[in-house]
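Asks: Below is the structure I would like to discuss, written out as structure tokens.
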């Protein structure tokens, strides 16, 4: 999935607009479907929901929509809007609604209506010659739809199932005024330039090979260097924060996930089993059952708790080919996973500590604005009401202590417990889902986990699932786009490049390279027989933070001419002064050295 565009900075004051953006966008989806039906009457309509900063509509049509089709559709949408058609709500019984849409030949709508219970009210909206099944709300008249644009088309499966018909999906966006639309389109263009798939190839960071398989990432040396820096920082900080690191296998008997319940709840996301010596094994979709097995290797006392175990554990999940997207949606990924086992009286404190740790890690990578959500019990869940209330209250109390503003997200918890989700805001005002903290009473019960309490009786520990960055792959994709590939000095795969003007500076170049390497600086040399301007441009395209231009004057004075990647200014200074500046930026993890 692409990250969400926040749109926060572009919201007008509510009293200046009759309709909220969701209503405008939902109505534009209907407007688009009406235009498509007028231009291409053989097309069948399916669904057209609002999404972050826009909308889409799925159509059943043999021929894909071309860019010129989208222009025609958008023009027709403006015509229909100018026709000032009144939009009316109608209510029908399921039987009457099926008759209506059957008469129109809209078989996909009929299939949706079949899911309605007998006697349930089915609502639809009509505007001119077009009627669509919908709960609403909508604008009152098509003349209220003025600022919209169609963006692109793609393929999708009906109801997201690859066994169903292939549909043609058209994406669009709508705003209150032209300035909002212009700003949004500008951000879209900037997002294209920052696309991690494009930059990943240009900067030689990673690749995906069809011979290996889709959704399986090959980390190239420069990408692997950044991953190493992230992992080393992660490990050191975990030891500082009272965690122990563990390692677990990539596969195990399927019975382990039958006990955990993952087979029941996530069976469509688990790779097919393989048989080994008459037993079924699967590639692990989660790390948690392994950590529980470590817990159960010996008797635990209340004095042992809390236990905090972390693992950079690679897991495998079956993602359908239509939803995979670069580093953001893959089939094999490494979670920065941890599981905490604690007593009930420790729960709030442990969650508060995790929140503090999350913010420290995210700020270290340059993320300082967040959206925080407390997700409560979903309809499909396990556990007692008392357990859910206890866990939810502990999460809310920890959030209050942290003074983090948050929203309650009703019914969006996981099946085994409530959770806190943290979304980070990037440099394009987009929000990325990364960090999560989940309370679990279910797995300790399923695996019969116990500890001996102060009363000498057996008690169940509480389990906390926790990820700070989510997965390394997704977080790396986020970093690439946030920094447009120009990583801060501490993360840059190459921190300094030496650019001798002629071959005569070769010995001094080698001397400086050795000196920098001794200081732990990641350095490259451009010894090509090219003009210095060409070398500088190449270094800038590779987004290397520092260029040291070396001419005869630098050799004689034993200095360096320092140029930053985004600057035209060159500063001549002693090597020691440059090293002090560089180490300061690295040690403080400065996120902007420009």
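Asks: Grab the Cα-Cα distance for residue 121 and residue 409, subtract it from 0.36 nm times how many residues apart they are, and report the gain in nm with one decimal.
Replies: Length gained, residue 121 through residue 409: 101.0 nm.
Asks: Can you tell me how much longer the chain between residue 517 and residue 324 gets when fully stretched, taken as 0.36 nm per residue apart minus their C-alpha distance, in nm with one decimal?
Replies: Once the chain is fully extended between residue 517 and residue 324, it gains 65.6 nm.
Asks: Rank-order 568-577, 515-524 by packing density, defined as the average count of other C-beta atoms within 10 Å over each peptide's residues, highest first.
Replies: Result, highest mean first: 515-524, 568-577.
Asks: Sticking with this one: From the square roots a ≥ b ≥ c of the eigenvalues of the alpha-carbon gyration tensor of the chain, which class results: rounded (a/c under 1.5), prolate (a/b over b/c), or oblate?
Replies: oblate
Asks: For a Förster distance of 51 Å, can you work out the FRET efficiency between the beta-carbons of residue 458 and residue 192, rounded to the nearest 0.05?
Replies: Approximately 0.30, to the nearest 0.05.
Asks: Fully extended, how many nm does the chain gain between residue 380 and residue 280 (0.36 nm per residue separation, minus their Cα-Cα distance)?
Replies: Once the chain is fully extended between residue 380 and residue 280, it gains 33.2 nm.
Asks: Let me ask another. Expressed in nm², what is the orientationally averaged projection area of the convex hull enclosing the Cα positions of the range 403-512?
Replies: 14.2 nm²
Asks: Sum -39500 (n - 2.57) across every DSSP H segment of at least 4 residues in the chain, then divide by the residue count to get the 222 nm mean residue ellipticity, nearest 500.
Replies: Roughly -11000 deg cm²/dmol at 222 nm, from the helical runs in the chain.
Asks: For a quick protection proxy, order the peptides 537-543, 470-476, 272-278 by their average other-Cβ count within 10 Å, most packed first.
Replies: By packing density, highest mean first, the sequence is 470-476, 537-543, 272-278.
Asks: What does the highest-first list of 22-31, 76-85 look like by mean Cβ count within 10 Å?
Replies: On the way: 22-31: 24.4, 76-85: 16.5.
Ranked by mean Cβ neighbours within 10 Å, highest first: 22-31, 76-85.
Asks: If you average the alpha carbon positions of the range 31-83 and of the range 350-403, how far apart do those two centres end up, in angstrom?
Replies: After rounding, the separation between the Cα centres reads 41 Å.
Asks: List the relative contact order of the range 4-194 as a percent without decimals, with contacts defined as Cα pairs under 8 Å and 6+ residues apart.
Replies: For the range 4-194, the relative contact order is 26 percent.
Asks: Now a separate question. Between residue 524 and residue 267, what FRET efficiency follows from the Cβ-Cβ distance if R0 is 56 Å, with the result rounded to 0.05?
Replies: My answer for the efficiency is 0.70.
Asks: Only bridges whose two residues both fall in the chain count here: according to DSSP, what percent of them are antiparallel, nearest 5?
Replies: Beta bridges within the chain, antiparallel portion: roughly 85 percent.
Asks: Could I ask something else about it? Describe numerically, in nm with one decimal, the distance between label points set 7 Å from Cα along Cα→Cβ at residue 224 and at residue 18.
Replies: 6.2 nm
Asks: So for the pair residue 40, residue 143, with labels modelled 7 Å out along Cα→Cβ, what separation do we get in nm?
Replies: For the pair residue 40/residue 143, the computed spacing is 3.1 nm.
Asks: When only C-alpha pairs under 8 Å and at least 6 residues apart count, what is the relative contact order of the chain, in percent?
Replies: Numbers: 1054 pairs, mean separation 64.5, N = 594.
Value for the chain: 11 percent.
Asks: On to the next question. Based on the alpha-carbon gyration tensor of the range 294-385 and its eigenvalue square roots a ≥ b ≥ c, which shape applies: rounded if a/c is under 1.5, prolate if not and a/b is larger than b/c, or oblate?
Replies: Prolate is the answer for the range 294-385, as a/c is 1.5 or above and a/b outweighs b/c.
Asks: For the range 457-554, what proportion of DSSP beta bridges, expressed in % and rounded to the nearest 5, is antiparallel?
Replies: Working: 0 of 8 bridges.
For the range 457-554, the DSSP antiparallel bridge percentage is about 0.
Asks: Report, in whole Å, the centroid distance computed from the Cα atoms of the range 100-158 and the range 541-590.
Replies: 61 Å
Asks: Could you work out how far apart the two model spin labels at residue 566 and residue 401 are, taking each label as a point 7 Å from the Cα in the direction of the beta carbon, and quote it in nm?
Replies: Distance between the two pseudo-spin positions: 3.8 nm.
Asks: Still on this model: Quick one: compute the contact order of the range 306-381, relative version, from alpha carbon pairs under 8 angstrom and 6+ residues apart, as a percent. Present the calculation step by step, with values, prior to reporting the outcome.
Replies: Details: 52 pairs, mean separation 23.1, N = 76.
Relative contact order of the range 306-381: 30 percent.
Here, each number is a calculation from the coordinates, and none is a lab measurement. Just so we're clear, the structure is a prediction, and the values are computed from it rather than from any experiment. For neighbour counting, all protein chains shown are included, and Cβ atoms are generated from backbone atoms with ideal geometry for every residue, glycine included.
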